[in-house]
Amino acid sequence: MKKNRKIALLAILIALSLILSYVDSLIVLPFGIPGIKLGIANIAIIYTLCKMGAKEAIIVSSLRLILSSILFGTIMTFAYSLVGAILSLALMIILKKFTHLSLMTISICGAVLHNLGQILVAIVVMATKEIAYYLPILIFTGTISGIGVGILSVLTLKYTKNIE
């Protein structure tokens, strides 16, 4: 991929992930459980990982995290998202590179690990390990979210396969 084209595509993916992150923040799920989000910004991250590579996915994920925290977050949402994003993306990069798992499975693993990262931050911030009792709920919702993001990622890759 030519350098200018690559930079333009990265800019589009960063903007898309930021828009999806904003849309995700507007969606209030009817479960009454705080902190549960759909994670639709990860569609752009997974797309970047599959089409461009790990380095580019790290760039898109990092810039989305920083910009979304500045624009519509707080320092605490940044902390929770940072740890979750690092763990999630690291695992997805490893699974994509070293296994033959489906994109759906990789998406689910990333979503669940993101939730685990958030629980770890909550344990430190709230200075209580009892928050870990919340983990089974987050694993379940992360699995559901990962399935949805995985399906949308597969479809996005399928219908944009001619974009290089």
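Listed here are the residues, each with its yes/no results for (1) within 19 Å of residue 81 (Cα to Cα); (2) in contact with a strand residue (DSSP E or B) (Cβ under 8 Å, 6 or more places away or on another chain); (3) modelled with pLDDT under 95.
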{"residue": "92", "(1), (2), (3)": "yes, no, no"}
{"residue": "95", "(1), (2), (3)": "no, no, no"}
{"residue": "103", "(1), (2), (3)": "no, no, no"}
{"residue": "106", "(1), (2), (3)": "yes, no, no"}
{"residue": "117", "(1), (2), (3)": "yes, no, yes"}
{"residue": "124", "(1), (2), (3)": "yes, no, yes"}
{"residue": "134", "(1), (2), (3)": "yes, no, yes"}
{"residue": "140", "(1), (2), (3)": "yes, no, yes"}
{"residue": "147", "(1), (2), (3)": "no, no, no"}
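Each row is one residue, and each column tells you yes or no for (1) closer than 15 Å to residue 41 by Cα; (2) part of a helix (DSSP H, G or I); (3) without any contact (Cβ under 8 Å) to a residue 24 or more places away in the chain.
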| residue | (1), (2), (3) |
| --- | --- |
| 92 | yes, yes, no |
| 95 | no, yes, yes |
| 113 | no, yes, no |
| 118 | no, yes, no |
| 154 | yes, yes, no |
* **Hits in region 1-56 (condition: at pLDDT below 95 and aromatic (Phe, Trp, Tyr))** => 22, 31
* Residue by residue through region 39-55, note down the ones that are surrounded by 18 or more Cβ atoms within 10 Å (Cβ to Cβ), in contact (Cβ under 8 Å) with a residue 40 or more places away in the chain and not in a loop (DSSP other than H, G, I, E, B). => 42, 43, 45, 46, 47, 49, 51
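For the condition surrounded by fewer than 17 Cβ atoms within 10 Å (Cβ to Cβ), touching a residue at least 24 places away in the same chain (Cβ under 8 Å) and either among the acidic types (Asp, Glu) or at negative phi (or both), what is the one hit in 108, 66, 59, 36? Can you show your working first?
Working: 108 fails: surrounded by fewer than 17 Cβ atoms within 10 Å (Cβ to Cβ); 66 fails: touching a residue at least 24 places away in the same chain (Cβ under 8 Å); 36 fails: surrounded by fewer than 17 Cβ atoms within 10 Å (Cβ to Cβ).
Just a single option satisfies the conditions, and that option is 59.
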* What are the residues in region 77-90 that are at pLDDT below 95, within 15 Å of residue 40 (Cα to Cα) and hydroxyl-bearing (Ser, Thr, Tyr), if any? -> 81
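The values are calculated or read from the model by the stated rules, or taken from the named source; none is laboratory data. Bear in mind the structure is a predicted one, so any value in this text is a computation, not a measurement. No Cβ is skipped: glycine too gets one built from the backbone with ideal geometry, and neighbour counts run over all protein chains shown.
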